[in-house]
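These notes concern the structure reproduced below.
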Amino acid sequence: MKLTRVVTASAAMAATRSRKRKTAELVELLRAASADEMPIVVTWLSGEVPQGKLGVGWRSLAALDVAPVAEPMLDVVDVDDVFELLAAARGAGSAAARTDYLAGLFGRATDDEQGFLRRLLTGELRQGSLAGLMVDAVAAATDQRVDLVRKAHMLTGSLSETAVLAARGGEEALTGVRLEVGRAIAPMLATPADDLTSAVADLGPDVVVDFKLDGARIQVHRNDDDVKVFTRTLRDVTSRVPDIVAVVRDLPCDTVILDGETLMLSDDGRPRPFQETMSRFGSAVDEQNPRLLQPFFFDCLHLDGVDLIDLPLTQRLDALNSVAPQFRIPSVTDPTPMQAQAQFDAAIAAGHEGVMVKSRSGVYAAGRRGRSWQKVKPVHTLDLVVIAAEWGSGRRRGWLSNLHLGARDPDGGPPVMVGKTFKGLTDEILRWQTDEFPLHEVSRTEYTVFLRPEIVVEIELDGVQRSSRYPGGVALRFARVLRYRPDKTAAEADTIDTVRELLPGQ
């Protein structure tokens with residue numbers, strides 16, 4: 001397959017907001033790809049490269065001045081081969097080698113192909129092929145059931161691997177994918193509820209109501225003495241959390257996969273600030289001040305050779321209680337409305353975010369599929385993407401301050417701006433922003449630095465109102481920064497539809 005075919009499809013998807021049209025374009029492209037080309041194309045159009053980090057940044061690409069060719073000549077495999085060379089370049093002379101590889105690649109690319117490659121290599125390729133849309137396209141292109149492709153993607157955590165299974169092995173290969181202890185799976189997520197009463201009424205009467213902790217999501221795997229700990233984004237942080245590893249290694253089982261949260265607690269048992277919990281993932285343990293992370297588990301996906309994800313939550317909780325009852329997140333089962341409210345009040349009084357209401361009959365499914373998990377918080381909060389920041393004035397002169405906030409486009413386009421805020425920014429946060437934001441810079445003017453949509457921030461707000469000022473037709477009311485969410489990617493930010501649901505009367 002020629003690279004130009006992929007470039008044309010990417011441009012066509014970027015030009016429409018229609019999910020149906022994006023999917024049709026993807027299906028046509030994937031059907032034209034060979035079994036070897038399909039995983040490469042799938043990964044590219046998901047905004048990534050199969051090789052992971054290539055050691056190429058926007059500065060090195062900006063310095064690259066190579067004239068484009070007039071006629072397309074590059075194949076998909078040609079480009080992938082160069083990416084392999086870039087990924088393998090290490091040690092002395094690697095920077096010069098990468099420059100040579102890039103110059104050779106760009107010297108064989110047309111102008112449009114060069115633009116595509118620049119966007120792909122800098123994380124700027126946003127034509128709307130989100131994971132859910134790509135899963136649907138892979139299923140259609142390979143004539144496989146979408147539920148099988150979706151589950152295989154959840155269990156492998158890899159779109160490219162899933163595409164290979166669907167294209168080469170079909171239904172037999174997809175159904176043969178099993179939960180593998182030691183390999184992270186995509187986590188199940190909750191949808192926001194309007195309030196506690198509606199969440200319980202929607203899912204009741206057979207529900208559990210868990211504390212929603214102000215911590216970091218973890219997924220732990222144990223196979224005998226081998227323990228692995230993954231974050232919400234499936235990053236392996238095992239070496240940085242020996243305290244959690246020790247807890248899991250002492251559980252009375254041989255193999256287990258647990259889903260939960262972890263956080264640091266003060267001496268009085270209240271949660272430490274979220275930033276302290278997250279910073280713990282990036283630093284070694286100080287023996288004089290260990291700052292132990294406390295794990296709290298709310299689900300069990302595998303226990304001693306038995307996979308549990310297809311069983312109802314009730315049975316998964318029975319397994320959890322059999323192996324780690326002392327680490328079970330605070331929870332009540334089948335509460336009355338009064339008991340559910342008491343659980344919510346207790347969570348808030350203890351310094352946590354709120355509660356999670358879960359259907360006891362629900363199975364485990366990655367992402368926000370359905371509403372069998374619903375989260376209830378006392379105030380409106382949104383996870384939004386920082387798309388720009390303005391230089392401050394007065395006391396904030398010299399610091400990047402006022403944030404431009406965007407909601408995720410569910411159809412895969414760039415974030416939709418919904419407001420600005422400079423409230424809630426401490427000196428520490430301002431200092432961090434000023435150091436960190438330029439690392440994500442796309443361009444700047446005299447007053448504003450524009451960023452790649454990579455940084456997620458949790459915003460507290462009083463509500464939203466209709467507004468013609470912003471392209472989404474809504475604007476945040478009294479928005480203020482609660483915290484940054486390094487545990488979340490921009491693909492997990494709240495959508496513009498979620499923001500619109502906060503409009504009065506919705």
Q) Roughly how tilted is helix 3-14, in degrees to the nearest 10 and between 0 and 90, from the longest Cα axis of the chain? A) 50 degrees
Q: Please list 358-365, 62-69 highest first by mean number of surrounding beta-carbon atoms within 10 Å per residue.
A: 358-365, 62-69
Q: Among DSSP beta bridges lying fully in the chain, give the percent that are antiparallel, nearest 5.
A: 90 percent
Q.
Could you give each residue of segment 399-404 its phi-based ³J(HN,Hα) in whole Hz, using Karplus coefficients 6.51, -1.76, 1.60 with θ = phi - 60°, and x for Gly or Pro?
A. 10, 6, 10, 4, 8, 9
Q. Going by alpha carbons, how many degrees (0 to 90, nearest 10) lie between the helix axis of 313-323 and the longest principal axis of the chain?
A. 70 degrees
**Q.** In Hz, Karplus ³J(HN,Hα) per residue of segment 77-92 (6.51, -1.76, 1.60; θ = phi - 60°; x = Gly, Pro)
**A.** 5, 4, 5, 4, 4, 5, 4, 4, 5, 4, 5, 7, 5, 9, x, 4
Q. In deg cm²/dmol and to the nearest 500, what is the mean residue ellipticity at 222 nm of the chain if only DSSP H runs of at least 4 residues count, each as -39500 (n - 2.57), divided by the residue total?
A. -10000 deg cm²/dmol
Q.
Under a crude label model (7 Å from the Cα following the beta-carbon direction), how far is residue 60 from residue 503 in nanometres?
A. 4.7 nm
(Q) I need the P(r) histogram for segment 51-149: all alpha carbon pairs, bin width 5 Å from 0 out to the longest distance, whole percents. (A) 2, 11, 19, 20, 16, 12, 9, 6, 3, 1
(Q) Based on C-alpha coordinates, I'd like the Rg and Dmax of segment 443-506, in Å. (A) 13.4, 41
Q | Angle between the chain longest axis and helix 111-121 axis [Cα atoms, degrees, rounded to 10] | A | 30 degrees
Q. In terms of Cα to Cα distance under 26 Å, which lysines are near enough to residue 2, apart from those fewer than 8 places away along the same chain?
A. 20, 22, 53
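No lab work stands behind these numbers, since they all come straight from the coordinates. Given the structure is predicted, the values throughout are model-derived calculations rather than measurements. Glycine gets a Cβ as well: all are built from the backbone with ideal geometry, and neighbour counts include every protein chain shown.
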